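**Q** Right, I'll just put the structure down here and ask away after.
The values are calculated or read from the model by the stated rules, or taken from the named source; none is laboratory data. Computed from a predicted model, the values in this text were never measured in an experiment. Cβ: placed from backbone, ideal geometry, glycine included. Neighbour counts: every protein chain shown.
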Amino acid sequence: MFQYILKNSSMFYFSLLILVVLLSSCSQFDSKSRSSKSSSLKSSTFNSTIPKNNVKMDLIKLSKHVYYVQGASGVATENEGYISNAAAIITNKGVVIFDALGTPSLAVLFLEKIRTITNQPIVKVIVSHYHADHIYGLSVFKELGAEIIAPLGYSDYLDLPIANQRLEERRISLAPWVNETTKILRPDTVIETKTNFALGGVDFEINYLGRAHSDGDLTLLIKQDKVLLSGDLIFEGRIPFTGSANTKHWLELLEQIDNSSLHALLPGHGAVAKDPNSAIKQTLNYLKTVRSKMQFAVDEMMTFDEAYDSVDWSEFEDIPAFKSAHRINVFGIYLSLEEESME
Ligand SMILES: [Zn+2]
């Protein structure tokens, strides 16, 4: 009896041992396959220096070829810097990216999302304009061999102290996602006029806009899909960020955009506009209103504080980012109108 129990229990321990060995080799295999999968998604250098985000990012299909991710509506340092949009146009000869998000970590996450639907190489990254929230992820795509394309005027941002000051500031305010290894890359190709190209049977039209929202802006039209990627020329569902914009030229451009045949418009911030007309009108109305109120103030030689307080801004108060962006916008526009009046 005792021998029987001994025999059975040793068999039991033997099977347990086999089971443990099997399980551990399984999990080893599993983690190996997982790591080889993730290293095929990312270049080896990404893993060590680029920390992982905790944000939720969904890749959304907009049209036959266009997919996008949409940042939150907050200020630049909220949501781990995920406050701007980016798009991927998938063709059977490669992927074109539009804007590179506000940190390398976000770009890696975006790339991972793209890799769930295609293994096509990333061939181009087209940048709507050189502002921190659209360019800090560029290095991720550059490492994969993508050509960086940006509008003329990018260097007015890049060659001024503001570019480095902003980077230094973001290394603190967006730590650890913006850190010592985060670099601002120059474009390989500079756009200074309307430029067409085709890839994998998809026709692209890059429209160079000159100085509008920034020192140089462009939009990208995906012709077959009738989708316009507008960068920060149009803000949907939030107060625009006008910074050092040339709002005069910006307004002229918005008035000229032919949106009659568009299927959809993806702004640089905020939701896709299924009704491009109304999205354009919102940004147009905001710029027009602020400019006309401040023009009056400049003509009357009011101080900025007097001018700001004399206007009823309640029509914009409920729009996201009003608190963080509006007064600064009005101040910038007030200054630029003073300058315009001296021209
Ligand atoms: Zn932006």
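**Q** Looking at (1) within 16 Å of the ligand (Cβ to nearest atom); (2) in a helix (DSSP H, G or I); (3) closer than 26 Å to residue 60 by Cβ, find the lone condition where residue 240 falls short.
**A** Status for residue 240: all satisfied but (2).
**Q** If residue 321 passes every condition in (1) within 24 Å of the chain's Cα centre (by Cα); (2) on the phi < 0 side of the Ramachandran plot; (3) touching a residue at least 12 places away in the same chain (Cβ under 8 Å) but one, which one does it miss?
**A** (2)
**Q** How many residues, within segment 279-317, are of a type in the set (Val, Ile, Thr), closer than 16 Å to residue 242 by Cα and touching a residue at least 40 places away in the same chain (Cβ under 8 Å)?
**A** Counting residues in segment 279-317 that are of a type in the set (Val, Ile, Thr), closer than 16 Å to residue 242 by Cα and touching a residue at least 40 places away in the same chain (Cβ under 8 Å) gives 3.
**Q** Continuing with this model, one more query. Would you list the strands (runs of 3 or more DSSP E) that sit entirely within segment 54-112 and hold 3 or more residues that are closer than 19 Å to residue 147 by Cα and in contact with a Leu (Cβ under 8 Å, 6 or more places away or on another chain)?
**A** Working: elements: 66-69, 86-91, 94-98.
Those strands (runs of 3 or more DSSP E) span 86-91, 94-98.
**Q** Would you be able to say whether some residue in segment 208-218 is of a type in the set (Phe, Trp, Tyr) and in contact with a helix residue (DSSP H, G or I) (Cβ under 8 Å, 6 or more places away or on another chain)? Don't jump to the end; show me each part of the working.
**A** Residues of segment 208-218 of a type in the set (Phe, Trp, Tyr): 208.
The next check asks that each one be in contact with a helix residue (DSSP H, G or I) (Cβ under 8 Å, 6 or more places away or on another chain); those that pass are none.
Checked segment 208-218: no residue is of a type in the set (Phe, Trp, Tyr) and in contact with a helix residue (DSSP H, G or I) (Cβ under 8 Å, 6 or more places away or on another chain).
**Q** State whether one or more residues within segment 187-197 are more than 27 Å from residue 163 (Cα to Cα), part of a loop (DSSP other than H, G, I, E, B) and away from the ligand (no atom under 16 Å from the Cβ).
**A** No, the conditions are met nowhere in segment 187-197.
**Q** Pairs needed: first member in segment 241-265, surrounded by fewer than 19 Cβ atoms within 10 Å (Cβ to Cβ); second member anywhere, of a type in the set (Lys, Arg) and part of a loop (DSSP other than H, G, I, E, B); C-beta distance under 7 Å; at least 6 residues apart or different chains.
**A** 249/211; 261/226; 263/226
**Q** Only one of 222, 234, 257 is of a type in the set (A, V, I, L, M, F, W, C), closer than 23 Å to residue 66 by Cβ and at pLDDT below 90. Can you tell me which? Steps first, answer last, please.
**A** Values: 222 fails: at pLDDT below 90; 234 fails: at pLDDT below 90.
None of the others qualify; the one that does is 257.
**Q** Identify the residue in segment 65-87 that is within 11 Å of the chain's Cα centre (by Cα) and under 24 Å from residue 199 (Cα atoms) and, among all such residues, is nearest to the ligand (Cβ to nearest atom).
**A** 85
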